[in-house]
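Take a look at the structure below.
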Amino acid sequence: MPDHQGFRAPLAARSVILREYRYARQRRQPVRVNDSRPSLTSIIDFRNIRSWWMRLLWPAPRPPADSSADVPYNINNTDVMRKDRELNDLKKEIEIDDHKVPVAELMQRLGTDAESGLEESEAERRLELYGSNELTPPPTTPQWLRLLRCMTNMFANLLWIASILCIVAYGIDRAQNGQYAQIEQLILGIVLAVVNLLTGCFSFYQESKSEAIMDSFKKMVPQHARVIRSGVEQDVSATDLVVGDVIRVQAGDRMPADVRVLSCKSFKVDNSCLTGESEPQPRSPEFTHENPLETKNLAFFSTNVLEGEAIGVVTFTGDNTVMGRIANLTSGLDTGKTPIAREIDYFVRIITAVAVITGLVFFGISFAFGYKWIQSVLFLIGIIVANVPEGLLVTVTLCLTLTAKQMAVKNCLVKNLEAVETLGSTSVICSDKTGTLTQNRMTVAHLWYSGKVYNVDTTENQSGSQKFDVSDVTCSALFRVAMLCSRAKFEANQESHPVLRRKVNGDASETALLKCSELNLPSEVKSVAAARLKCPKLAEIPFNSQNKFQVSVHRTVQMDGEARHLCVMKGAPERILDRCSSILVDGAEVALDAKWKKKFQDAYENLGSLGERVLGFCDFRLPAKDYPDNYKYNTETVNFPLTGYRFVGLMSMIDPPRAAVPYAVEKCRSAGIRVVMVTGDHPITAAAIARGVGIISPNSRTPESLAKERGVPVESVNPAEAEARVVNGGQLKDMSADELVEIIRQHREIVFARTSPQQKLIIVEAFQKLGNIVAVTGDGVNDSPALKKADIGVAMGITGSDVSKQAADMILLDDNFASIVVGVEEGRLIFDNLKKSIAYTLTSKVPEMVPFIFFIVLGLPLALGTVHILCIDLGTDMFPAISFAYESAENDIMSRAPRNPSRDRLVNGRLIGMAYGQIGMLQAAAGWLVYFCIMAHNGFLPRRLFFLREPWDNRTEDSLEDSFGQEWTYNERKKLEMSCQTGFFIAIVIVQWADLVICKTRRLSVFQQGMRNHPMTGSLFFETILAMLLSYVPYSYMVLKMMPLKFVWCFLPLGHSSLIFIFDEIRKLLLRRLSPGNVVERETYY
Amino acid sequence: MTDDNKPTCGQRMSACGRFLYNKDRGTFLGRTPKSWALITIFYLIYYSCLAAFFVGMLSVLLFGIIDDTKPMLTGEQSLIRMNPGLGMRPMPDVERTLINVNASDQKNLDRLVGNLDQLVNSYSSVNKSLEDPNMEYANCNLEDAEANRDFDPKKKICRIDPSKHWGNCTSANKFGYESATPCVIIKMNKIYGWLPDIEDPQLSNHTLMRCEPENDGDKATFGSGSLLYYPGVTVNGTDYGYFSSALFPYLNQKGYTTPTVAVRFPNARRNVLLMVSCRLYNIKNYRYDKMDRDGMVRFELLIVNTGSR
């Protein structure tokens, strides 16, 4: 890209700025760049990055060509803008050239020396100046702020407002009526506040608990690094490393910083946590690739050293490392609200609207009735407050908690309570491949020998274990080569572990071979180690990238006791074949002719197309007379043959899918959830695994397979014709956001391969743009931005990196993708059950509110006091409402599509209509029946009661006449009123029995659903006993304003109770029987 | 959600507008007029049925079993219990129990006297319709309850002539309010079927009533001499008013008038707020609780010195 070269600063100047940058972010200050120098923006300009890998896909402004582009970084002074800039900057990648410049120049730039390292004093100075080498932990909110947040969600705010209104109302009342002011208002206000505080503390406690579990994940093992300072090699804490330090790492270490390799010996690192590639990456001092992540001379912070050792110079530390940048990108992302939080917001809006509208209507009415305005305001407040379901916040929190607990038992740890439901709403799962779908462990998947392909069991528990017929000469020869030509060995003292669980020293492919051999030993051999002992190694040429083979010579003892030497070789199949002149077929050695070469080629391609890594194996029995037992082998001059070998077979390896994954993917699919693979691995491997687990279903075609079918090049196939598609990062970077969205729309099955962390983020955003609720699973650092951005990020508990766990909302403790299905199921169930619980709770709002309205409009003495409303909302209704969390699903919730967040609301008009308009009114009628009965039986016939409010509540009125001329003093009237209120209360409890039963199901009859929810049945009894206690315990009238009732009055509401039950059963019968989409369903199916 | 997914204010407004009236689908507030009509009809029918059910249940539970003239629950079954409360007049302002006697404030006096006159009138109107043939109007001997034995209690009503019953607390002399010797009428609440259970017939055959200062220390404020009760008796040297046993029981007889006693404050101290509480004596079936204000009446009396005396 020569046109961009103009923006690049001269090398020397750039190095200065780079250094500035290198340190500046550590200091957490904007870089101030002198105007005469090129600006930082031009250096960060992503267009300069030639590699697609590091490219940022988001269209970014092209840097202006004039010098006005050279503005200092901190020209935008506002913090917000700076924060945005910083985040955008993180989304891009800084171009580094530390891997390109000659070592000497780099050393000069870093002010260090390759031999003696930094001066001790200089290292100290830098440490002090630029801070220690560790990632800044994500900004933790202070405890009190988190507590505050728990108490100020949308719902809590509604309660706070209600509470304040109550206290204000009491204040007005008090100012007007002095000591006779209604103390209930104040009590209600205080109770609301207390409920709010308690609920807040409760969810705070819940959150802290999962936080504590999170903390336990952090492995606080202090890391050490071997550093050369002032020419002396010493051990220092990894956090004390500074830029310019020369360090030594070896197999088993974790890279303590980003390092340029100066010298090394068979150095291999595992980059899977950064890139998702499961293969070990060799590293060497040569500069091999423009792309920092691909070049061999850089090793990155937090990757593991698998093999060899190296000396390198630290180029970046702490937050400036590649890993640090991803972590910072992650913590800078804004996540937005969970779907359930959005639903609750919507619900609160509905409730507020209902409350305010009824409040205002009756405010107007009371005004029209000639009440004083201040009285009307009190009524207004009263109605609004009566409309607030005080207990619902607690109920919802508890329901979510119970579900979270159930999920934790099933190995889904939920970090954020609200995330419990999110999986249920999820419509797309973007899954990482390595470690999530696969076992993150190379395993031999296929063998090819004697012209046939054999499958190898790749399951974790060797469930389908079939041993190979190692008595077959060819097969045993193949395993012999695999066993001998290898440097991998089991670590000591692991005999008790299953083979697959044992730890191995060695690279991934050799480990796979070793384990496969160990599992398929011939009966006379006890272990691979024993076999190797029998055939001691005499010489070895290790694998190198030029030869692409590995060969070793072993002393073997023939049947006749004669010692003969055997050369065994493995390597890239085509290279191996070149060195062979014969091939072992069914125990007989035949010439390697064109026919066999063709067979080999087919098998090689076939296995390669499965995304597997193929190795060829051959051997050569050295003639005893030329190579006697004491023959001295020289691997430098190679005094033994390397051609003319006998080809024995191929072995192919793959990181196999976990056993439970295909089933889980299938389940997700039938639940209407798209499973998309987003991986950093190669497209072919990714596609093979995707086919293996069902992400691409067997009969879907990709453009590639279409092309193959038709025998045309891929370019001439219209991708839209294919059901499935594999998109790699290279294609992705050339796409606009709209094109990406188009692809997502067109293809049902998509695999994204070779994606960078930033691209994963963009894919998630594209899905979200289409209105999807996206779950992301992943374990690596490279997944964490996507995990954070997703509606629900699911991290892996065992293999997951700390950064990914931090970013996630849910953690699969067993790393099993199948646990996600559990999460989906539980999430959907809790959504349904919350619906039911809310329907149940809201219904009793009507009988709670109507007394107050009739009090105002019809002047009926108050039929239900504030205290009683609280007794219902926070007492008797509470446990039944919570018990809905245990309700089992009505039908197969895993066979329906995920809910549409814009249409399938938690609380909708139909639910409100049912709760308020129909069942609620029935309940209110039951309450009034009891009220009028108690009044009438004591002497106040209904007609006497209308518009009696004023004398009734007049304290000085000591002789109010009833319908029979009896005169009631204030106290006697109040006792009667309390009895009526108790009756009303009991009536609500009794009609709520029926409501509980009808809310159990939304479609099925309760006779179909059954009453197997024991907590719910228990809560029925509990509620009844509680109600009885409240009304029958002596002196409860002093606190709760309840009076013991005549027993017959308690039975009066049973009629309405059964009416509710019958009405709803008929409704549900119609709902089921009429054709789908019938009027009953349209109007009442909440 | 990213910011660009958030609806702008304008979008919200137009969405709201679409909700109010959607031209394409012809819906108001989310429903077509037909749908609105149907849902209204449904609710009309539903609520009518509900109302019918309610009224049906109520009629069975109330009018089916409740007598027209007799409360269903009486005596100890009723919440009013056998616990007569007391009331007092005049109380022109229903919110206050303060009787402010200020002879120079004619308007105030008129209100007080007018309030008492109402009571007198209610008695008079009953007395006027004496000719009702269904009732036996007894010329009860109030002083001697035994003398009234022969009457059927269901039909017995004692005729009370307020011009005599309350002594010289009469409408004619403005119940003493002009002369700053105010009368306060204490009335005993009607309770169906209540009969006085006399504690000590030796003292009196009637329910006794006496008013005292709320606080014992205020005794002096009542002035020299005691209060005057009409009708009154003196038992063991203490003055009481009495509710004649002949007046009970109350059985919702037509024309039954509330038993009353007039209390006169002849010498009460001026310009001092008298806190008066009155209660019953000499009966067993009566509960008195000062804290709960059960079985008593309490009022404040302020006689403003007009300088005439």
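For the reader, a short list of remarks on this structure follows.
- Measuring nothing but how far apart in sequence close Cα pairs (under 8 Å, 6+ apart) lie, relative to its length, chain A scores a relative contact order of 11 percent.
- Since only A:594, A:942, A:212 are under comparison, the one whose Cα sits farthest along the positive direction of the charge dipole of chain A, derived from C-beta charges on Lys, Arg, Asp and Glu, is A:594.
- Charge dipole (the protein assembly as shown, unit charges on Cβ, about Cα centre) - positive-most of A:384, A:1085, A:101: A:1085
- From least to most packed, judged by other beta carbons within 10 angstrom and beginning with the fewest, B:297, A:409, A:103 follow the order A:409, A:103, B:297.
- Normalised by the number of residues in chain B, the mean separation of alpha-carbon contacts (under 8 Å, six or more apart) gives a relative contact order of 21 percent.
- Using just its DSSP H runs of length 4 or more, each adding -39500 (n - 2.57), chain B gives a mean residue ellipticity at 222 nm of -7000 deg cm²/dmol after division by all residues.
- The stretch A:662-759, relative contact order in percent, only Cα pairs under 8 angstrom and at least six apart counted: 36
- Fully extending the segment from residue A:144 to residue A:670, taken as 0.36 nm per residue of separation minus the present Cα-Cα distance, adds 185.0 nm.
- About its Cα centre, the dipole of the stretch A:735-821 is roughly 140 debye, where the only charges are +1 on Lys and Arg Cβ and -1 on Asp and Glu Cβ.
- Using only side-chain charges placed at the Cβ, +1 for Lys and Arg and -1 for Asp and Glu, the dipole size of chain A relative to its Cα centre rounds to 1200 debye.
- Spin-label pair residue A:1069/residue B:53, simplified geometry with 7 Å Cα→Cβ offset, distance in nm: 1.5
- Relative to its Kirkwood radius, the Cα radius of gyration of the stretch A:143-219 gives an Rg/Rh of 1.24.
- Gain upon complete extension [residue A:1062, residue A:1033; 0.36 nm per residue less C-alpha separation]: 7.1 nm
- Rounded to the nearest 20, the Cβ-based charge dipole of the stretch A:443-654 about its Cα centre (Lys and Arg +1, Asp and Glu -1) stands at 280 debye.
- Straight-distance crosslink candidates among lysines, where the alpha carbon sits under 18 Å from residue A:845 and sequence neighbours closer than 8 are dropped: A:835, A:836
- Measuring r between the beta carbons of residue A:114 and residue A:540 and using R0 = 35 Å, the FRET efficiency lands at 0.65.
- FRET efficiency estimate (nearest 0.05) - Cβ-Cβ, residue A:709 to residue A:1080, R0 60 angstrom: 0.75
- Going by neighbour counts of Cβ atoms within 10 Å, the residues A:791, B:161 line up, fewest first, as B:161, A:791.
- Inter-centroid distance (Cα atoms) of the stretch A:128-175 relative to the stretch A:1013-1086, Å: 37
- Pairs from the table (A:548/A:570; A:268/A:515; A:372/B:107; A:537/A:632; B:70/B:284; A:974/B:187) lying more than 18 angstrom apart at Cα are A:268/A:515; A:372/B:107; B:70/B:284; A:974/B:187.
- Over the C-alpha trace of the stretch A:469-591, radius of gyration and Dmax come out as 14.8, 45 angstrom.
- Helical content of chain A, expressed as a calculated mean residue ellipticity at 222 nm, amounts to -14000 deg cm²/dmol (DSSP H runs of 4 or more residues, -39,500 (n - 2.57) each, divided by residue number, nearest 500).
- Loop-resident GluC sites (Glu not before Pro) (DSSP state other than H, G, I, E or B) in the stretch A:511-548 with no more than 10 further Cβ atoms inside 10 Å of their Cβ: A:524.
- Scanning chain B for long hydrophobic helices, with DSSP H runs required to stretch 24 angstrom or more by C-alpha along their axis and to average at least 0.0 on the Kyte-Doolittle scale, returns B:33-58.
- Stokes-Einstein diffusion coefficient of the stretch A:939-998, Kirkwood radius over Cα pairs, 25 °C, 0.890 mPa s, in µm²/s: 189
- Across the stretch A:443-654, the fraction of Cα-Cα pairs farther apart than 26 Å, rounded to a whole number, is 31%.
- Taking the convex hull of the alpha carbon positions in chain A and averaging its projected area over all directions gives 55.0 nm².
- Separation in nanometres of the label points that stand 7 Å from Cα toward Cβ, at residue A:590 and residue A:903: 6.3
- Residues A:853, A:934, A:164, A:541, ranked from the fewest to the most other C-beta atoms within 10 Å, line up as A:164, A:541, A:853, A:934.
- Between residue A:373 and residue A:250, the modelled labels are 8.8 nm apart [label points 7 Å from Cα along Cα→Cβ].
- With 19 Å as the limit, the listed pairs A:433/A:489; A:769/A:789; A:433/A:760 have A:433/A:489 beyond it between alpha carbons.
- Which of A:429, A:672, A:525, positive extreme of dipole for chain A (C-beta unit charges): A:672
- Chain B: C-alpha pair distances exceeding 37 Å, %: 38
- Theoretical FRET efficiency, 1/(1+(r/R0)^6), r = Cβ-Cβ of residue A:659 and residue A:1012, R0 22 Å, to 0.05: 0.10
- Taking the longest Cα principal axis of chain A as reference, the axis of helix A:1014-1032 is set at about 30 degrees.
Read-outs: derived from the displayed coordinates by stated rules, not from any lab. Note that the coordinates shown come from a computational prediction; the quantities given were computed from them, not determined experimentally. With ideal geometry, Cβ positions are generated from the backbone for all residues, glycine too; neighbour counts draw on all protein chains shown.
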